[in-house]
Amino acid sequence: MARVLLNVPRSAARGEVIEIRALIQHEMETGYRPGANGEVLPRDIIRRFVCRYGNEVVFQAELFPAISANPFISFTTVATESATLTFHWSGDNGFAQTETRVLAVT
Amino acid sequence: MSERGAPGRWMAGRRGLGGLLAVTLVRPVAAERLPLSEALRSHAGGAAIREGRVTLEIPPLVENGNTVPLLVSVESPMTEADFVRSIAVFNERNPQPNVITAQIGPRAGRARLSTRIRLATSQRIVAVAEMSDGSLWSGSAEVIVTLAACVEG
């Protein structure tokens with residue numbers, strides 16, 4: 001399990017635009033970089049990030065090797081109702097990780 | 001793929017700061033490289049990309065190309081009737097032109113995307129936003145990179 005830093009407010013007013021910041025520990029090996037033996041290291045990156053608000057996908061992104069190691073993504077969403085937010089990262093070599101956060105909307 | 005950048009950096013190392021400045025200044029401006037224009041064309045799917053409405057914030061001079069903060073914001077009311085469907089970022093001189101492609105929608109509230117990227121050399125970064133009416137808008141920024149990422153070990 002990779003370490004994840006998720007910045008999601010615990011509560012928000014209805015209709016408020018909240019900012020979500022997500023960072024996950026990952027090498028993001030580009031596939032263009034030579035290793036210690038001079039041979040190019042195979043690519044190992046996170047290719048996909050999806051955020052669901054309840055069951056609805058509110059943000060999804062396709063990542064490429066030009067994204068830095070420990071990918072950081074920040075975006076916004078509207079707090080419509082109390083729900084569980086699900087964050088899912090997936091990528092090369094079967095990488096998959098899911099995190100959830102509960103958001104209370106008042 | 002970034003052979004054009006490599007000799008510049010090598011000379012910069014040999015000649016010191018004067019060489020670096022010379023190489024930076026001499027670099028041809030606005031000669032868009034093929035992979036970038038091709039990537040933009042395939043992203044647009046034949047539609048025209050107009051300049052404007054998209055703001056790309058990135059430091060103009062970065063010391064370390066391994067992690068460069070980037071903020072894309074698009075002018076849009078983000079209502080059910082008029083919103084940004086996707087934001088895509090492309091680069092000019094990395095081995096691969098794509099950086100990130102994000103799908104958003106009216107649920108985003110604001111059309112903003114922030115991330116950290118790698119840059120192999122000094123180059124232009126382009127962000128393209130697709131609106132709900134299908135129109136495409138772009139914004140770009142030039143970045144000077146002193147320590148490259150991606151290709152070197």
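Within region A:53-68, track down each residue that is in a loop (DSSP other than H, G, I, E, B) and more than 7 Å from chain B (Cβ to nearest Cβ).
A:G54, A:N55
How many residues, within region A:69-79, are surrounded by fewer than 21 Cβ atoms within 10 Å (Cβ to Cβ), in a loop (DSSP other than H, G, I, E, B) and in contact with a strand residue (DSSP E or B) (Cβ under 7 Å, 6 or more places away or on another chain)?
So the answer is 1.
For residues in region B:86-98 being at the interface with chain A (Cβ under 7 Å from one of its Cβ atoms), touching a strand residue (DSSP E or B) at 6+ places or on another chain (Cβ under 8 Å) and closer than 17 Å to A:R33 by Cβ, which is surrounded by the most Cβ atoms within 10 Å (Cβ to Cβ)? Give the derivation first.
Applying the first criterion (at the interface with chain A (Cβ under 7 Å from one of its Cβ atoms)) to region B:86-98 yields B:91, B:94-96, B:98.
So of that shortlist, the ones also touching a strand residue (DSSP E or B) at 6+ places or on another chain (Cβ under 8 Å) come out as B:91, B:94, B:98.
Checking the rest, the ones that are also closer than 17 Å to A:R33 by Cβ come to B:91, B:94.
Numbers: B:N91: 27, B:N94: 31.
The qualifying residue surrounded by the most Cβ atoms within 10 Å (Cβ to Cβ) is B:N94.
Look at region B:106-139 and say how many of its residues are assigned to a loop (DSSP other than H, G, I, E, B), more than 7 Å from chain A (Cβ to nearest Cβ) and open to solvent by 10 Å² or more (accessible area, probe 1.4 Å).
Of the residues in region B:106-139, 6 are assigned to a loop (DSSP other than H, G, I, E, B), more than 7 Å from chain A (Cβ to nearest Cβ) and open to solvent by 10 Å² or more (accessible area, probe 1.4 Å).
Going through B:S42, B:S37 one at a time, which residue ends up being open to solvent by 40 Å² or more (accessible area, probe 1.4 Å), part of a helix (DSSP H, G or I) and at pLDDT 50 or above?
B:S42
Taking A:L23 and the conditions (1) over 16 Å from the mean Cα position of the chain (by Cα); (2) of a type outside the set (S, T, Y); (3) closer than 28 Å to A:A79 by Cβ, which numbered condition does it fall short on, given that it satisfies the others?
Failed condition: (1).
The values are calculated or read from the model by the stated rules, or taken from the named source; none is laboratory data. This one's a predicted model, so the numbers in the text were calculated from it and none came from an experiment. Here Cβ is always computed from backbone atoms with ideal geometry, including for glycine, and neighbour counts include all displayed protein chains. To get the accessible areas, we keep the full protein, side chains included, count just its heavy atoms, and leave off ligands, DNA and RNA. Shrake-Rupley method; radii C 1.70, N 1.55, O 1.52, S 1.80 Å.
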